[in-house]
Every structure is written in C-alpha cells, then in structure tokens.
Protein chains: 2
Amino acid sequence: MKKIQIKKAVSKNFKKHNHKLCYETSMKAFHKNCLEKNLKLTPLRLKVFELLLKDHRAIGAYQILDMLSKEGFSSTPPIAYRVLDFLIEQGFAHKIERFNAFIACSHPGSKHSPTFMICRKCDKVAEMCEKDSRLKLDKKSLSEFQIEESVIEIIGICKSCNQLETIKC
Amino acid sequence: MKKIQIKKAVSKNFKKHNHKLCYETSMKAFHKNCLEKNLKLTPLRLKVFELLLKDHRAIGAYQILDMLSKEGFSSTPPIAYRVLDFLIEQGFAHKIERFNAFIACSHPGSKHSPTFMICRKCDKVAEMCEKDSRLKLDKKSLSEFQIEESVIEIIGICKSCNQLETIKC
DNA sequence: AAATTAATGTTATAATATAACATTGACTTA
DNA sequence: TAAGTCAATGTTATATTATAACATTAATTT
C-alpha cells in the first residue's frame, strides 16, 4: 500500500488525485521524523506545516501569517519566518526562490536540494527526486567547483493546463 | 584571438585573469547587439551594464542605485529596475534569484536560462553555457511538463577559495 | 512644427525579510 | 519541588527588495 504511493510520479501533483492520502502520508512522516530526531512538534509548527500541505502550491510568508491570524495564532512576520526556517533546516519544507514562496517537502527527513517543476498557469509545484532529475556538468566544472547546494526551478505549463488550453482553442 | 577568448572555460571567472578583455568583449557585444536590434543604447543603460560588468559578482538593485547616485545619475528605485528589466528582457543580464542580485550575461544576444555557479566565499559567479550544463529529466516528466524557463543556481566553493582554505589549515 | 512614443524622473507605497529584545513555557538538576 | 536554563514564541521596530502611478523630457515620426 505504502509502496504504491511512493512509486507514483511527481506529475500526479498537477492532476486530480487523492490528496487526503498525500496529506496524511506527509503528516505521518513529519510526526515520525520529529519524534526520531527529538524535535519539538509545537502547535505552531504543526499548523504551518499543515498550511504548506494544503495543496501542491507554494505560499508566501505573509499568506501564512494571514492564515495563522485567522486561526487565532500570533502573526507577526518573525512568527512565520522562524517556523519556516525550522522546517527548511530540518528538511520538511523548501523555499521556491523564483517566487519567494514556500512548500512542504515531498521527501522529508534531511536537508537536500531538489528540482521543482512549477506550472505558471495553475501554480502547482512538483518536487522531483534525484532519480528523475540530474544536472550534468562537464568534467572541468565539476573539478573546479565544490557544489554545496543548488536551486533548480523549472517553470512551464503542466499537462493538465496544456490540455485545457488545447480544448479551448 | 577572439576564438581563444570564447573557448576559455567559465571557471576563469573565479581566477585571476585579464578582466579588461572580458569587459571589452562584453561591451563590444552589447553595442553590436543594440545596433543590430535597433535598441536604444542610452547613457543610463550603458552605465548600468558597465556596473554589472565590473567584476564577476552579482550586485543588488540598491547597490546599483548607490553607484548611479555617485556618478550623478538619478537614482530612485524604478531607475534601476527599469534598466535591469530592459537588460534582462534583451538577454544582456540575468537575475540570480537566490540572492536577489543581477549580473551581466556572458552569452548575450537572446533570452535564455543559463546555469550559474556561485562561490559563497568570494561571491563570484560563472555562467555556464548549455554545452557544459545539462539538466536531464526523466522521460515521463518531460512528456508531462512543457518547460519554458529554468532557474539553475549552484552554490558552493570555487577552486581558488578552496585552495586558500587548504593553505590556511 | 505638431503629434506620437519611448525613456527617464518622481512620489508613494507594496511586498519580503530580519534584528533585537521581552516573555513564556518546558526541561533539567540541585 | 524550586531555581536555573534553554528553546520557543511574542512584540516592536526597521531593513531590504520591488512596483504602481503619474509627470516630464527627449527622440522619432508625420
């Protein structure tokens, strides 16, 4: 059962799918990881992670603050940025640099630099695992530069949005 | 002569090199391109491009404004952002998303999405051409997503900085 | 020379992010 | 368990990055 979920292509994020399953799987992994690493899973952290999991769209810090405010949480900027720092540091979330926005990690557990596909029509994001996205640099560059992290964000149109366009025309 | 310059690896940006040559080659290409495309090469645009060419470091819009101000140009934010928009749109400059900073393009002439190597010690940047950096996506992803642009920024330590560190230790 | 358009100038403000310090609450340890 | 410690949250202020909207100037066309 779990195996089937893991094997699904990231492109499912752009399509109709059983999102409740996404949500629950991620939330379970979050709990498990916090327990294992002895990280404090506070109501605020839980709520922000929950907000990031809502759909497969990245959200801005100030959107998060709005939502926190509506739910009775304190909501000055540092509140959001601190929790986001924690989530990113621990590998539970990522920042999409191109849009100054944040998204839950699809492969949580440790810090890493994934590749994102971002649809500019529906704004949905898919995080690709290393297996599905590899940056090939030439030998010379590899030998002359010690890579520590990478920002790889691909912007375009997902299949669902593309089909909608085709139908309209 | 010119051929030798073109063939040099991007990693030269991280080392001591004849920067006057970089500057002149880029400036010549800028002039040539503007002429060919009938773009107006105004004093302001020229100055901003010149600032971006100073060394191989990305600079922020407000740094540009400071420098413009010192040289007697008007220097309110839109001044910088408009020229930067122009330069980026025409393929003469790029934005480094990770650092909200801007850099002259090394392969000017048309809009494109290059790969950048950015040294976090010396802040120097090298723009790689397509030949030296390829993002390999799996077949499924490629078929399900129509790529329009990409942000690829590799952060790490360049060889020069690495060697300095080694010597110190 | 008048009309048009592109570029620059200016004012105001929006959007994103961090610094610095205060308070609370949980956890240790004496 | 009371005192001490530290991590998390709360709060105020401000820094940094970016854009909207409108005015003026300069170049180009008619």
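Just a few scattered comments:
- For A:Thr76, the solvent-accessible surface computed with a 1.4 Å probe is close to 80 Å², ligands and nucleic acids excluded.
- The mean of 1/r over all distinct Cα pairs in the stretch A:16-67, once inverted, gives the Kirkwood hydrodynamic radius of 12.0 Å.
- On the basis of the beta-carbon distance and an R0 of 56 Å, A:Ala29 and B:Ser74 show a calculated FRET efficiency of 0.55.
- Entry note, the stretch A:15-169: relative contact order of 19 percent, from Cα contacts under 8 Å with a spacing of 6+ residues.
- Pairwise centroid distance, computed over Cα atoms, of the stretch B:88-135 with the stretch A:91-169, Å: 18
- Candidate membrane-span-like segments in chain B, meaning DSSP H helices with Cα atoms spread over at least 20 Å of their own axis and a Kyte-Doolittle mean of -1.0 or above, are B:19-37, with no membrane implied.
- Rounded if a/c under 1.5, otherwise prolate or oblate - the stretch B:71-169, Cα gyration tensor axes: oblate
- Assuming charge only on the beta carbon of Lys and Arg (+1) and of Asp and Glu (-1), the dipole of chain A about its Cα centre is about 780 debye to the nearest 20.
- Percent of alpha-carbon pairs separated by more than 18 Å within the stretch B:2-168: 63
- Put simply, the Cα atoms of the stretch A:1-90 extend 40, 31, 21 Å along their principal axes, the longest span coming first.
- Over the protein assembly as shown, the pair-distance histogram of Cα-Cα distances with 20 Å bins from zero comes to 26, 54, 20, 0 percent, rounded to whole numbers.
- Only helices enter the 222 nm calculation for chain A: every DSSP H run of n ≥ 4 contributes -39,500 (n - 2.57), and dividing by all residues gives -13500 deg cm²/dmol, rounded to 500.
- If you take the alpha carbon atoms of the stretch A:93-143 and fit the smallest convex hull around them, that volume is 117 Å³ per residue.
- Heavy-atom accessible surface of A:Glu130, to the nearest 10 Å², is about 140 Å², with a 1.4 Å probe and all protein chains retained.
- Figure legend: label point modelled 7 angstrom from the Cα of A:Asp55 along Cα→Cβ; residues of the stretch A:122-138 with amide N under 20 Å from it are A:122-128.
- Looking at the stretch B:17-89, the trypsin sites (Lys or Arg not before Pro) that sit in a DSSP loop and have at most 13 other Cβ atoms within 10 Å of their own Cβ are B:Lys40, B:Lys54.
The values are calculated or read from the model by the stated rules, or taken from the named source; none is laboratory data. Here the structure is a predicted model, which is why all the values come from computation and not from measurement. Every residue, glycine among them, receives a Cβ derived from its backbone with ideal geometry; neighbour counts consider all protein chains shown. In case anyone asks, the SASA skips ligands and DNA or RNA and just uses the protein heavy atoms, side chains included. Shrake-Rupley method; radii C 1.70, N 1.55, O 1.52, S 1.80 Å.
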